[in-house]
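Q: This structure is in structure tokens; I'll ask about it shortly.
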Amino acid sequence: MSWLAGTLCLGLLVALTETLNTLCLLPTAGAAHECERTCVAGDTRTCQYEFHVQEYHTLSRACFDCPNNLTDCEREECVAGDGVARPILTVNRQLPGPEIQVCEGDRVVVDVYNEQLSDTETIHWHGQHMQDYQYYDGVPYLTQCPILAALFRYDFPAGTPGTAFWHSHIGLHRGSGVFGSMVVREAEDPHLGLYDVDSPDHVLMLQDWIHDSVATKFVGRHHYTSDDYASGILVNGKGRNSAAKIEGVNEVPMPLEVVEVSQGLRYRLRLINGGGFNCPIIVSIDNHPITIIAVDGYPIIPYTADSLVIYSGERFDVVVEADQEPDNYWIRLNGLIDCGQNECVQGAILRYEGAQDEDPLPTLTYDPNYPGVVVNPLNSAGGVPEEVTMVDLDSLQSSILTEEVDRQFYLAFDFSRVNNSYFYNSDLYPYNGVEGQWQLNTPQINDISFLYPASPPLSQPDDPQPTVCLYGQDPPCDGDYCSCTYVLEVSLGETVEFVLVDEGNIGDENHPFHMHGYNFHVVAMGKLGSSTSVEEVAALDAAGGITRKLENAVKKDTVTIPDGGYTIVRFTADNPGWWAMHCHLVFHSEIGMVAALHVGETGDLPPVPSGFPICGNFVPDL
Ligand SMILES: [Cu+2]
């Protein structure tokens, strides 16, 4: 990277007073990967990575005397977190895991070594659409078999430019630490003129954080009376324990993430929420408005706001102009919903060149209110000037959608009061036979819990799939608990509309909906009340009460649905395959808030890679 810093960036700094349109890639600390470079048309490379997945621990022996000696917290392989010891899962003993920074068209080759004692693994490339590389989408039992104690090579081109990330797609592993950023830059970024610096150091990977293992939290929540609240937020794995007072411990002044800037330059920051719990995060920067230039990697007409809310699975690219007095300024991260109970707040520091190495003032405190104009507000459909939704934003690339679509699906997200057989025994301790603190509600789509098939229909297309049930058919049920491999069938090339409804019958939560294989236009969003139903939304639509934005709607792959409301998305089903669509909260998706979109036929797909691992049930005749 030194040649970049020595040429492009030096030239840029010398030319400070002139119009600055030059992209400046600054070197990262430590050895940068050879693929981390300024992107030039025609220069595509093969970018190889090794991922070693392992059970690990914060404050391990790699940390020596951290957090008593804060310098020790910076040691290689030391995962310090917020200074609280807890079990985690890591890739290469890093949290977040290794970053991938490549150019569009690069070939990404990731060798995943599963070094866990007994668990399996898969990795999903969140934001990459995997067209023609469907077998590497990383969804267990849908696109591939789980990786056993062995090596699996993901091999695909970086086909979708923008800010993305990778994460485990199996069990609770993403929430435990198996994730990292993935940035795909373009040779000709359409927003190049809006910023001066797009540094690999300016990727801010956000996550919610608990002070126990996620597995302990899960069984406590699902088989005992524990909650699913988070204890904090980390930025690139760093932060301080904002729950220290609640927990009755002393807060340790752990190192915070620092974004270094020079006065007069404009900086592109890439925000990613990789969190596992239900913690939308309000992001704002003291004294600095933020100009959003891309959502989920997709360029939009720039919109300047005072704050934004980022849900699990979402990404925002923003430009921040360093036009204030050289000083330290808080980048504030205030958590909502399950980050609210423990008042989770975290700070990173926007540090101007020449400012002291110290915290900004005033001391950071939890504040769940939006400062000024907010983009993507929680459980809101906008309608007031201070609240701007995804429907209010415009895509940079103009587009016009047709009035009619070939297929429309209603998908109702809600918690159900059912005897989910994974957590109840309807004879011994049924839902209505236990006290309220023991009643766990089941997150479902259309009152169905997704059941993963025994073998992946993508890579083992000839296997029988007895657990499949199709949209519109009655699912198999055990009492009031219905569960199947819930599939939405679509022909290749059809235009599709999803009416996503958050019925909101229990709690004031919401669900970030994520779709694999595609991004979709966000064409409508509305809130009918504290709760609603598919019937109510359909009746409103039939009566002409829902207006769709058919011109220049933004494209995303993850979107929130207002609680008691709807979000309507559209796309053209031009990518054949078996694509997971699900709530992006780990506890919800892992117990079935999932559906599968099946586009096209086997003949539309590339051949299964030679030697691709297989799996399935073993049931010889009696
Ligand atoms: Cu959910």
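The values are calculated or read from the model by the stated rules, or taken from the named source; none is laboratory data. None of the values given here were measured: they were computed from a predicted structure. Neighbour counts are summed over all protein chains in view; Cβ atoms, including those assigned to glycine, are modelled from backbone coordinates with ideal geometry. Accessible surface is based on the protein model in full, side chains and every heavy atom, while ligands, DNA and RNA are left aside. Shrake-Rupley method; radii C 1.70, N 1.55, O 1.52, S 1.80 Å.
Q: Give the percent of DSSP beta bridges with both residues in the range 194-393 that are antiparallel, rounded to the nearest 5.
A: Working: 37 of 50 bridges.
Among the beta bridges of the range 194-393, antiparallel pairing accounts for roughly 75 percent.
Q: Can you give the local net charge around residue 320? Use residues other than it whose beta-carbon is closer than 10 angstrom to its beta-carbon, Lys and Arg +1, Asp and Glu -1.
A: Working: positive: 266, 268; negative: 321, 323.
Computed value for this residue: 0.
Q: Stokes-Einstein at 37 °C, 0.692 mPa s, Kirkwood radius from Cα pairs: D for the range 281-325 in µm² s⁻¹? Intermediate results must be reported in sequence, preceding the final value.
A: Details: Rh = 11.0 Å.
The estimated diffusion coefficient comes to 298 µm²/s.
Q: Would you kindly compute the Cα radius of gyration of the range 164-221 and its largest Cα-Cα separation (Dmax), both in Å?
A: Cα-based Rg and Dmax for the range 164-221 come out at 16.6, 51 Å.
Q: Net charge near residue 498: determine it from the other residues with C-beta under 11 Å of the C-beta of residue 498, scoring Lys and Arg +1 and Asp and Glu -1. Let's see the in-between values first.
A: Numbers: positive: 407, 570; negative: 497.
Value of the local net charge: +1.
Q: Where the eigenvalues come from the Cα gyration tensor of the range 194-393, what are the semi-axes √(5λ) of the equivalent ellipsoid, largest first, in whole Å?
A: Values: eigenvalues 153, 90, 41 Å².
Ellipsoid semi-axes (Å, largest first): 28, 21, 14.
Q: What is the chain's relative contact order, in percent, from Cα pairs under 8 angstrom and six or more apart in sequence?
A: Values: 1639 pairs, mean separation 76.5, N = 622.
After rounding, I find 12 percent.
Q: Which lysines does residue 217 reach when only Cα atoms under 26 Å apart count, and residues fewer than 8 places away in its own chain are ignored?
A: 238, 245
Q: Compare 166, 578, 438 by solvent-accessible area with a 1.4 Å probe and give them largest first, with all protein chains kept in place. Don't jump to the answer; show the numbers that get you there.
A: Values: 166 0, 578 30, 438 110 Å².
Order by accessible area, largest first: 438, 578, 166.
Q: Also, I was wondering about something else. Students often forget the sequence filter, so: which lysines lie under 29 Å Cα-Cα from residue 555 once same-chain residues fewer than 8 apart are removed?
A: Reachable lysines: 527.
Q: Only bridges with both residues in the range 34-135 count here: give the DSSP antiparallel percent, nearest 5. Write down the numbers at each step before the final one.
A: On the way: 6 of 14 bridges.
Counting only bridges with both partners in the range 34-135, antiparallel ones make up about 45 percent.
Q: I need the shape label for the range 407-604. Rule: rounded when a/c is under 1.5, else prolate if a/b > b/c, else oblate, with a, b, c from the alpha carbon gyration tensor. Don't skip to the answer; put the middle values down first.
A: Working: a/c = 2.10, a/b = 1.16, b/c = 1.82.
Oblate shape, in that a/c is at least 1.5 and b/c is the bigger or equal ratio.
Q: Continuing with the same structure: Arrange the residues 245, 556, 238 by how much accessible surface each exposes, largest first, with a 1.4 angstrom probe. Let's see the in-between values first.
A: Values: 245 185, 556 0, 238 65 Å².
Descending order: 245, 238, 556.
Q: Follow-up. Cα centroids of the range 485-530 and the range 545-620: how far apart, whole angstrom?
A: The range 485-530 and the range 545-620 have Cα centres separated by 10 Å.
Q: Hey, another quick one. Using only Cα atoms, figure out Rg for the range 339-430 and give it as a multiple of 2.2 N^0.38 Å. Walk me through the numbers before you get to the answer.
A: Working: Rg = 22.9 Å, N = 92, 2.2 N^0.38 = 12.3 Å.
For the range 339-430, the normalised Cα radius of gyration is 1.87.
Q: Related question: Considering Cα pairs under 8 angstrom that are at least six residues apart, work out the relative contact order of the range 407-604 and quote it in whole percent.
A: Numbers: 436 pairs, mean separation 55.0, N = 198.
Relative CO of the range 407-604 lands at 28 percent.
Q: If 557, 480, 508, 155 are ordered by their accessible area, calculated over protein heavy atoms with a 1.4 Å probe, which sequence runs from highest to lowest? If you can, show how the numbers build up before the last one.
A: Numbers: 557 5, 480 70, 508 100, 155 30 Å².
These residues rank, largest area first, as 508, 480, 155, 557.
Q: Quote the charge dipole size of the range 33-190 about the Cα centre in Debye, to the nearest 20; the model charges only the Cβ of Lys and Arg (+1) and of Asp and Glu (-1). The partial results should precede the final answer.
A: Working: 10 positive and 24 negative charges, 70 e Å.
Charge dipole, the range 33-190, about its Cα centre: 340 debye, nearest 20.
Q: Of the beta bridges DSSP finds with both residues in the chain, what % are antiparallel, to the nearest 5? Before the final figure, lay out the partial values.
A: Numbers: 98 of 141 bridges.
Looking only at bridges with both residues in the chain, the antiparallel portion is about 70 percent.
Q: The chain: percent of C-alpha pairs farther apart than 32 Å?
A: Numbers: 89103 of 193131 pairs.
When every Cα pair of the chain is considered, 46 percent fall beyond 32 Å.
Q: Right, next: To the nearest Å, what is the center-to-center distance of the range 309-324 and the range 336-350, using C-alpha atoms only?
A: 16 Å
Q: Under 12 Å from the Cβ of residue 394, count the other residues' Cβ atoms, weight Lys and Arg +1, Asp and Glu -1, and hand me the total.
A: Numbers: positive: 549, 555; negative: 392, 551.
Residues near residue 394 contribute 0 overall.
Q: Excluding same-chain residues fewer than 8 positions from residue 549, which aspartates and glutamates have a Cα within less than 14 Å of its Cα?
A: Partners found: 392, 394, 403, 404, 497, 541.
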